[in-house]
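To keep things clear, I will list the structure first and then write my remarks on it.
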Amino acid sequence: MADKVIMVGAGLSGAVIGRVLAEAGHAVTVVDTRAHVAGNCHTQRDPDTGVLVHVYGPHIFHTDDTQVWDYVNSFETFLPYRNRVKSTSQGQVFSLPINLHTINQFFGRTMRPDEARAFIAAQADQTITNPQTFEEQALAFVGRDLYEAFFKGYTEKQWGCSPTDLPASVLKRLPVRFNYDDNYFFHKYQGMPQNGYTPMVARILDHPGIDVHLETEFDPDTAKDWDHVFWSGPLDGYFNYKLGRLGYRTLDFEEFRAEGDWQGCAVMNYGDADVPYTRITEHKHFAPWEEHQGSVLYRESARACGEDDIPYYPIRMVAEKALLRDYVDLAASARNVTFVGRLGTYRYLDMDVTIREALDTGAAWLAARAAGHQPPVFSKDPL
């Protein structure tokens, strides 16, 4: 017997889980408050320039998961793309992540890899043996000069607090390389969807067992009307923020336009604290196989997320983790609901991880139903 299931959110989590369940014969309804599918990875053609714009900021697909790579390519053709980030700092343009070129340029040297490795080890603060904060991790990693040029100001703008208040784990995502490799990611598969993420998600949702309703609110009080609810909205929002709001950072985008090639790359970071924005993205460079005379660019700035803003990055500091634990306890008493995705589990997730968890969540739900068991409340433990 088919269950009547609702996916709250038409982003990657809702689309992928919905497809898994629909293919298994269940009746799936997908609702989203926005006028489009694909959530924050929504892309659309600019009508004036033809540029494919990443409306909510750049999303670059990278993964080592062959199944996930094959999955997305079954719904959209992914073309090769390498994320090569630049950073304007102290009046110069450097290559990120920090690599041998960055080190030699910054210090005015011509070091070989072994020389640079020894040089950076000497720059590092070797008295810090167990770094606890972002700043301590950076100082123990690359020393004060590189830290202040590339990490300190950028981090203060991105997170709205001193790097001394952030955990060391935040910096562990940023590599230092002692060769000239400026590919930002290490992953085996890297690319961009030829026609954008929104057509890909639309194809995932294109199944006779899936009914999509956009610009539609979902009231958690009506959850009892469904056999199961998959909630990819904010975890605290499901409970009407009754315990308080979990902290997020949001992003503001100042769009501007130019003719020709404005900055010569897709992403230019700005590490200096006196520059108000964190980076500028030039969207046509995210599709290097296309040619456009006009250009669409975003100046991107981060700030605290208000009630009417789009939440992007969970803060997960001490106070937020304490409140998160309270919401996890509250969620444990919920029936016939599973919290999924970045907002539902209050975690920063790359797209490939989101899809992997969605595939696994759909399979786990089907297995639990077949066994007569209650499905788990969380696709992944938020704690």
I'd like to check something: does the range 212-224 contain any residue that is at pLDDT 95 or above, crowded, with 19+ Cβ neighbours inside 10 Å and on the phi < 0 side of the Ramachandran plot? yes
Given the conditions (1) more than 30 Å from Lys152 (Cβ to Cβ); (2) modelled with pLDDT of 95 or more, and given that Met268 satisfies all but one, which numbered condition is not satisfied? (1)
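Would it be correct to say that Thr33 is touching a residue at least 40 places away in the same chain (Cβ under 8 Å) and out of contact with any Gly (no Cβ under 6 Å at 6 or more places or on another chain)? Full working, then the answer.
Values: touching a residue at least 40 places away in the same chain (Cβ under 8 Å): yes; out of contact with any Gly (no Cβ under 6 Å at 6 or more places or on another chain): yes.
Taking the combined requirement at face value, the residue satisfies it.
Which one is nearest to Ser379 (Cα to Cα) among residues in the range 310-330 that are part of a helix (DSSP H, G or I), among the hydrophobic types (A, V, I, L, M, F, W, C) and in contact (Cβ under 8 Å) with a residue 24 or more places away in the chain?
As a first pass, look at the range 310-330 and keep what is part of a helix (DSSP H, G or I): 318-330.
Going one step further and asking which of them are among the hydrophobic types (A, V, I, L, M, F, W, C), we end up with 318-319, 322-324, 328, 330.
With the extra rule that they be in contact (Cβ under 8 Å) with a residue 24 or more places away in the chain, the set shrinks to 319, 323-324, 328, 330.
On the way: Ala319: 23, Leu323: 19, Leu324: 15, Val328: 12, Leu330: 16 Å.
Once the filter is applied, the top-ranked residue is Val328.
Could you say whether any residue in the range 147-157 is touching a residue at least 40 places away in the same chain (Cβ under 8 Å) and in a loop (DSSP other than H, G, I, E, B)?
Going residue by residue through the range 147-157, those that are touching a residue at least 40 places away in the same chain (Cβ under 8 Å) are 149-154, 156-157.
Still in the running and in a loop (DSSP other than H, G, I, E, B): none.
No, the conditions are met nowhere in the range 147-157.
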Of all residues being of a type in the set (Val, Ile, Thr) and over 17 Å from the mean Cα position of the chain (by Cα) in the range 149-179, which is surrounded by the most Cβ atoms within 10 Å (Cβ to Cβ)? Just the residue, please. Val176
Would you be able to tell me the number of residues in the range 35-53 that are over 16 Å from Gln190 (Cβ atoms), within 19 Å of the chain's Cα centre (by Cα) and buried (at least 18 other Cβ atoms within 10 Å of the Cβ)? 8
Are any residues in the range 125-146 closer than 20 Å to Leu96 by Cα and part of a helix (DSSP H, G or I), and if so, which ones? Phe134, Glu135, Gln137, Ala138, Leu139, Ala140, Phe141, Val142, Arg144, Asp145, Leu146
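The values are calculated or read from the model by the stated rules, or taken from the named source; none is laboratory data. Values in this document were obtained by computation on a predicted structure and should not be read as measured data. Note that each Cβ is placed from the backbone with ideal geometry, even for glycine, and that neighbours are counted across all protein chains shown.
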